[in-house]
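Q: Encoded as structure tokens, here's the structure I'll be asking about.
Here, each number is a calculation from the coordinates, and none is a lab measurement. Model, not experiment: these values are computed from the prediction. Methodologically, a virtual Cβ is constructed for each residue, glycine included, from the backbone with ideal geometry; neighbour enumeration extends over all protein chains shown.
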Amino acid sequence: MPDGLKSRLITALAGSGAYVIADETTAELALGEPRRIAPFAAHAEQEHHQDAILTVGSLGKTVWGGLRVGWIRAAPELIGRLEASRRIGDLGTGVWEQVLALHALEQYDGILAERTQQLTSRHRALVAGLAEHLPEWRPSPAVGGVCVWVDIGERASSRLSRAAAELDLHLPPGPRFGSPGTFERFVRLPFSAPEATLDKALQRLAQAWNGGAGSAGAGRAAPAAFTEAVI
Ligand SMILES: Cc1ncc(COP(=O)(O)O)c(C=O)c1O
């Protein structure tokens, strides 16, 4: 989101008394070069609007999905209330995870550079694989993050997801990521897996599509048995 739009959004939302929750979990993951971003609240034009903004982040995408450590950045008063309410739900984040997170943060720039390189290459592989296996689909240009939205040309995302599951490929349909009824013409394809896995997953996705999930290709190819690929 361009900085100017962030400022306008904050003015409109915080100005009308709403809280703003900005999820910046993947914001530092650029394709090409790592990028530094200012916390969302830094874009508030009026200082008191900062108190209405909660920025959430996690090491789950930038460092490793197995490291279950995230954070909330907000005004101290709000953090105090969140901390108090959390104690009701669990006993806190494990010490072991917190120590690992601390080590990761000490080497964060290096990790981010490596991760950016890795994701850039995987993104390239995914886009090339799409052009090869599903040339009629239109991936949106991605500048970062860990997934790409793809226009599949018809409202068949849920159908495709079910057909893919039959082939043991688990891909949540587009509407899972929006309000009910939206994104049925889209799929969200993660490119966080290694290149070889992505290629196998795309082959299997193409089979699900051509085997009947995409009406344009209905009845073309019979699904073969793949077992390893999972998106
Ligand atoms: C935008 C965004 N925020 C937050 C999360 C949750 O991340 P984690 O549970 O790994 O901390 C995800 C996971 O997919 C995500 O895509």
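Q: Is the stretch 3-106 best put as rounded, prolate or oblate by its Cα gyration tensor, with a ≥ b ≥ c the root eigenvalues, rounded for a/c under 1.5, and otherwise prolate when a/b is larger than b/c, oblate when not?
A: oblate
Q: Using the Cα centre as the reference, give the magnitude of the dipole from point charges on the C-beta atoms of the chain (Lys, Arg: +1; Asp, Glu: -1; all else neutral), rounded to the nearest 20 debye.
A: 560
Q: Also, quick follow-up: Whose amide H sits under 5 Å from the amide H of residue 30, counting only residues 5 or more places off or on another chain, with H placed in the peptide plane?
A: When sequence neighbours closer than 5 places are left aside, the close amide H contacts are 35, 145.
Q: FRET efficiency for residue 109 and residue 73, Cβ-Cβ distance as r, R0 = 25 Å, nearest 0.05?
A: After rounding to 0.05, the efficiency reads 0.85.
Q: List the relative contact order of the chain as a percent without decimals, with contacts defined as Cα pairs under 8 Å and 6+ residues apart.
A: Answer for the chain is 16 percent.
Q: Once both labels are modelled 7 Å past Cα along the beta-carbon direction, what's the residue 19-residue 197 spacing in nm?
A: Here the modelled spin labels are 3.4 nm apart.
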